[in-house]
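Worksheet for the structure shown next.
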């Protein structure tokens, strides 16, 4: 995030910022100083599996997540064992809903896991040197829909530049997406971020236009 983006988001009025991230709670908590300045009340972490309210895990949401992922439990166990056989680094098991590890060969591990697991039940993806395995019913898009149903939010603007952001962008009323992922986002209301600028600054430009309409 640039200084311009930071200044814009910390000055926003009448708009609630809700982070939606693959980060674990420990990783998200490292951003507490920033999220406090942004006035963040809710955050969706673990790719949609956990909802935080004022930094605390919402137990109702987590219980609903466990109900949703019941059929994927065996595949997650298989994924854990496969990761341990392929990586010399620690395999992190997060609240029985997400596993990941760091590897120097993420694409090779991703391919091996995809060949081993039932990809109808679990999704495997990589992000830099991390490889994740998460139940397929748990993604950022389903999390946005769950959040809207529970809290009755009437208009969602979502921004994301990663592959794992695509379900969230598809679920939003107005998605702001990076050019390389634009073809995967079918919404007629999508906004394609300016690729000549830092993504967060392009999001600011889009938000300024939208909120001034």
R0 of 30 Å, Cβ-Cβ distance residue 155-residue 198: FRET efficiency to nearest 0.05: 0.75
Inter-probe distance in nm under a simple model that places probes 7 Å from Cα toward Cβ, at residue 85 and residue 10: 5.0
Folded to 0 to 90 degrees: helix 73-86 orientation relative to the chain principal axis, Cα: 80
Highest average packing first - 64-76, 25-37, Cβ atoms within 10 Å: 64-76, 25-37
Tilt relative to the chain, helix 106-116 - C-alpha long axis, 0 to 90 degrees, to 10: 60
Euclidean distance between Cα centres, the stretch 32-99 to the stretch 116-193, Å: 16
Computed helical MRE - 222 nm, the chain, DSSP H runs ≥ 4 contributing -39500 (n - 2.57), nearest 500: -11500 deg cm²/dmol
Rounded FRET efficiency, nearest 0.05, which uses the C-beta distance separating residue 77 from residue 104 and R0 of 25 Å: 0.55
Label zone at residue 186 (point 7 Å along Cα-to-Cβ), backbone N below 17 Å, the stretch 114-152: 141-142, 145
Fully extended contour minus Cα-Cα distance, from residue 115 to residue 36, at 0.36 nm per residue: 24.2 nm
Helix 199-211 vs. the chain, principal-axis angle (Cα, 0 to 90°, nearest 10): 50
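Bear in mind these aren't lab numbers, they're just calculated from the coordinates by the rules spelled out. Note that the coordinates shown come from a computational prediction; the quantities given were computed from them, not determined experimentally. Note that we place each Cβ from the backbone using ideal geometry, even for glycine, and neighbour counts take in every protein chain shown.
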